[in-house]
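Remarks on the structure that follows.
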Amino acid sequence: MLSKFKRSKHQQHLAQLPKLPQSLAEIHTLYAPSDFRTELLASIANATQRIYLVALYLDHDDAGREILNALYQAKQLRPKLEICILVDWHRAQRGRIGAAATNTNADWYCSMANQHPKNVSVPVYGVPVNTREALGVLHLKALLSMIP
């Protein structure tokens, strides 16, 4: 247990750090993956300025296809909508477990881009993660709301 002096010093350092204020009333906890998917799709449909999605990966499965299709549809409906997807670069180079090695997520992202007009761009950026980190993957434990 920290002494009162060390705890006080710790609180002083925390108070000096830059931060984005958060209101507890604005935090919404989702308890099931299906709830997250529904909320994410609704946020994509309602976004008017920008969507930045950071994920370990966006897989070529039912959920991934539904999300990427929703992003392309949002961009077609609102061409000025800024969309950016950031995924773990190493995970993007792999395919689904059990799938042929030639069918990677990166191949799927390119295929989706080629199926849409050039002015309907939904860029997917692979983030190379420092392999010296624990597990060497891009981990994000929360999703900040998209600004409508």
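Per-residue Cβ neighbour counts within 10 Å put Leu86, Leu58 in the sequence Leu86, Leu58, beginning with the fewest.
Summary value for the range 31-136: 28 percent relative contact order, contacts being C-alpha pairs under 8 angstrom separated by 6+ residues. Can you pull the percent of Cα pairs in the range 45-127 with separation above 19 Å? Percent of Cα pairs beyond 19 Å in the range 45-127: 34. The dipole here belongs to the range 31-136: it is taken about the Cα centre, uses +1 on the Cβ of Lys and Arg and -1 on the Cβ of Asp and Glu, and is about 340 debye.
Here r is the Cβ-Cβ distance between Leu20 and Asn103 and R0 is 41 Å; the resulting FRET efficiency, rounded to 0.05, is 0.55.
A short reminder: the numbers here are calculations on the coordinates, not readings from a lab. As the structure is a prediction and not an experimental result, all values here were calculated from the model. Every residue, glycine among them, receives a Cβ derived from its backbone with ideal geometry; neighbour counts consider all protein chains shown.
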